[in-house]
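The values are calculated or read from the model by the stated rules, or taken from the named source; none is laboratory data. None of the values given here were measured: they were computed from a predicted structure. Every residue, glycine among them, receives a Cβ derived from its backbone with ideal geometry; neighbour counts consider all protein chains shown.
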Amino acid sequence: MTLQIYIGAQGCGKTTWITSIATEQQIIRSSDILKEAVKLEGLDWNHINAHRVGTKLLSKDRFYFAKIMFEQYQSGKTIVDGIKNPDEIDFLKRNCDNSQVVSLYCPRNVRYKRVIKRKRGDYPISREKFMERDENEILDVGLNKALFRSDYFVLAHHFNIDKDEIGIAAKNLFDYIEGNKLKILSTDVKTQDVQLEVQPIEKRYVGIQHEIDKLHKFYSRNMRCGQLFLEYYKLDEDMIRRYKNGDISLELLFS
C-alpha cells in the first residue's frame, strides 16, 4: 500500500477529508504524537504548549515525529495526517518504498471563516491571532516548504461542505493514487504565470491567487497548474515575512 501523506494549513478541511476515506486504525496523526509529548511534559494541551514542545523536540531531532510515524506505517497504518515539517516528509519519502504527498489548498480568508465557526477553545478568534498561528506553522515549522513537496494538489474549498461529496472526491483521489486509473485530474490549462513574473511581488501574490481560483479540483505536480501552487507557497512565505516586519498590511494576506 502507498503511504499517503495529507498536509495543509489550519482550517483547510484536511481532517474531514481524511476521515472520509480511512478508519482511525489506518490514520497516523501527528497531533496524537504531539499530545503525548505535551502530556509527558506535564502541560495542558493547547496551541502554545504544542508549539513550544514540538519546536523543542524538533530542535533535538528534526526527524522525531517522522520516526514514530514510520514505525506506525510498518505496523500497517497508511494515512498520515498533520505533518508540517519538510524534513519529516523527506524522511518518510526516503524510507517508505511508495509514498505520495497530497496538499489541500484553501484561501486564507476561507480558512479563517471555517476556524471561527468551529469555536474550539484553543483556536484564534481574531485575524491577528489567526495569522500568529499561520506564522508559527509557516515560518517556524516550515509548513509551506512541506507543501512545496506535494505530488497532488486539492482545491478543498471547491467541494461542498456536504460530507458525502467530500467523501466521494476523497475516495476517488485515494484510489487514483493507489493505481486505479480513473480520470479524476482536472484538465490542465494555460496560466498567466509568465506575465506574473514581471510584476511587483504584491501584485504577483494577488494575481496568482486569482489564477488558482479559476482552477477546478485536482492537479498533479507535473502539470502547469501544479506549478502555480508551488509559486504561491513560495510567495506566501515571503509575504508573511513582510507582514511580520511591518512592510505590508494584514488585509493583503486575506485578499
Practice task
Of all residues in segment 77-123, count the ones that are more than 18 Å from the chain's Cα centre (by Cα), outside any helix (DSSP H, G or I) and modelled with pLDDT under 85.
Solution key: 5
Problem - Single match in I177, I166 (criterion: at pLDDT 75 or above and within 22 Å of R224 (Cα to Cα)) - result: I177
Handout entry: Single unsatisfied condition, E231 versus (1) in contact with a Phe, Trp or Tyr (Cβ under 8 Å, 6 or more places away or on another chain); (2) surrounded by 18 or more Cβ atoms within 10 Å (Cβ to Cβ)
Key = (1)
Practice task
Check whether at least one residue in segment 84-102 is hydroxyl-bearing (S, T, Y) and under 20 Å from K14 (Cα atoms), and report yes or no.
Solution key: yes
Problem - Residues being under 20 Å from L185 (Cα atoms) and assigned to a loop (DSSP other than H, G, I, E, B) - total across segment 199-255 - result: 7
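Taking segment 2-15, which residues are over 9 Å from the mean Cα position of the chain (by Cα) and farther than 14 Å from V101 by Cα?
G11, G13, T15, listed by residue number.
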Exercise for the section: Hey, can you tell me all the residues within segment 51-76 that are surrounded by fewer than 17 Cβ atoms within 10 Å (Cβ to Cβ) and within 19 Å of the chain's Cα centre (by Cα)? Expected result: T55, R62
Fill in the blank from the handout: Taking segment 131-163 and keeping residues at pLDDT below 90, β-branched (V, I, T) and in a helix (DSSP H, G or I) leaves V141
Completion exercise
Restricting segment 18-39 to residues that are small (G, A, S) and either outside any helix (DSSP H, G or I) or in contact with a His (Cβ under 9 Å, 6 or more places away or on another chain) (or both), the one surrounded by the fewest Cβ atoms within 10 Å (Cβ to Cβ) turns out to be S20
